1. Find the relative contact order for region 83-139 and round it to a whole percent, using C-alpha pairs within less than 8 Å whose residues are 6+ positions apart.
2. Mind listing the long-range amide H neighbours of residue 134? Cut-off is under 5 Å, sequence gap 5 or more, other chains count too, H placed in the peptide plane at 1.01 Å from N.
3. I'd like the per residue volume of the convex hull spanned by the Cα atoms of region 31-98, given in cubic angstrom.
4. Can you give the Rg to Rh ratio of region 65-217, both from alpha-carbon atoms, with Rh computed by the Kirkwood formula?
5. Chymotrypsin sites (Phe, Trp or Tyr not before Pro), restricted to region 11-117: which are DSSP loop and have at most 16 other Cβ atoms within 10 Å?
6. Net charge near residue 30: determine it from the other residues with C-beta under 14 Å of the C-beta of residue 30, scoring Lys and Arg +1 and Asp and Glu -1.
7. What are the ³J(HN,Hα) values, in whole Hz, obtained from phi via the Karplus relation 6.51 cos²θ - 1.76 cosθ + 1.60 with θ = phi - 60°, for each residue of region 73-78 in sequence order, with x given for Gly and Pro?
8. With θ set to phi - 60°, apply the Karplus curve 6.51 cos²θ - 1.76 cosθ + 1.60 along region 122-130 and write out the HN-Hα couplings as whole Hz, x wherever there is a Gly or Pro.
Amino acid sequence: MRFTKAIIAAASLLATSLAQDEGIPYTDPASGIVFNTWTQPDLTFGLALPPTALTTDATEFLGLLTCKSPTPSTGWCGLSLGGSMVNNLLLLAYPSDSHVLTSLRWATTYGPPVPYTNPSAKISHISSTVNSTHYSVIFRCVGCLSWSQGGESGTAPTTPGFLVLGWAYATASPGNPGCAGSSTVRRHDSQGVFGAVFNSAVARAEYSVWAARATTNTPQGGCGGDGDGGVTTSVVTLPSRPTATATATASIGFGNGNGNGGCAKTYTVVAGDYCYLIATSNGLSLDQLLGINPGLVCNPLQIGTVVCLRRG
Ligand code: HEM
Ligand SMILES: *[C@@H]1O[C@H](CO)[C@@H](O)[C@H](O)[C@H]1NC(C)=O
């Protein structure tokens, strides 16, 4: 059976390569979130866990999914949070314009997955980017480390110190891509199972501050956020700890060498700001903000930095 095959593959993988599988640290420059990352042939998965995850099973995590896209903004990629495709919580991700859309899915056979309708799991985004070779999404997944649908259930406990995960990758774009929750996929071009072994760094003291950056305006495409099982409805709490630091006052130039020349609207960074928040609070994508402000340093973002929001 496929399931058995996947589990045996995962077990032998863990047994033979434990030492190499602790993941490589990666700091997202825009948010400052530090992930342990595991790279598979066609995607990289990053994970940050609550500080107690190694002693008490976590119920949520912060994830990074960066997938190849040989043609800009096409294809899809996915994760299985239990290793095998069947009867485990699946996360589908694909690029759509300048965003990545995500949808939680469920498969009872090796066939097209259906939406995961259990309301206890919610995915909300912190940021997503699309460029000519990759698309990438940073998200918070609450209630995603145990699952049940249609009488089948499973868990991905964090206290054993590793997760067995599955990945899948396709170059063809989903059908009905304008609607994250009801987009359709054909079979992936490549897939695999891997072991993500934890070191102590994966459980992060900063977790709650980072997790609070997951916003309610998670893009869903054109269908307004229903039917996904993956739409957060919680109220966003902004980080209580300053994310912009007060060590220096900085100002970046706007090209004309004189004041804010060339900029029609400016914003001065205050404590608690971070680049993605400033961008999305002003109707910009992070890429747009960075495009308007060449040389803007987001990590660390200095209090007092004058950022341009609109070119004059
Ligand atoms: C029409 C859609 C899909 C079809 C027909 C399909 C079919 C299959 C088949 C036949 C395998 C076994 C591969 C092998 O043994 O060589 C497999 C594996 C896998 N699939 Fe899918 N798949 C689909 C969609 C998805 C999606 C959307 C995801 C994740 C979001 C996914 C995740 C995986 C993973 C992680 C594996 C490897 C682990 C395992 O073998 O169970 N699949 N798929
Ligand atoms: C595109 O995005 C990927 C992943 O985020 C990154 O590694 C790569 O350097 C980016 N490429 C360009 C040209 O910016």
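What follows draws every value from the coordinates through simple rules; no lab data is involved. What you see is a predicted model, and the numbers here were worked out from it, not measured in a lab. FYI the Cβ positions are ideal-geometry reconstructions off the backbone, even for glycines, and counts take in every protein chain you see.
1. Answer for region 83-139 is 29 percent.
2. 69
3. 123
4. Using only Cα positions, Rg/Rh for region 65-217 is 0.94.
5. Hits after loop and neighbour filter: 110.
6. -2
7. Along region 73-78, the couplings run 6, 10, x, 8, 9, x Hz.
8. 9, 10, 9, 9, 9, 6, 8, 9, 9
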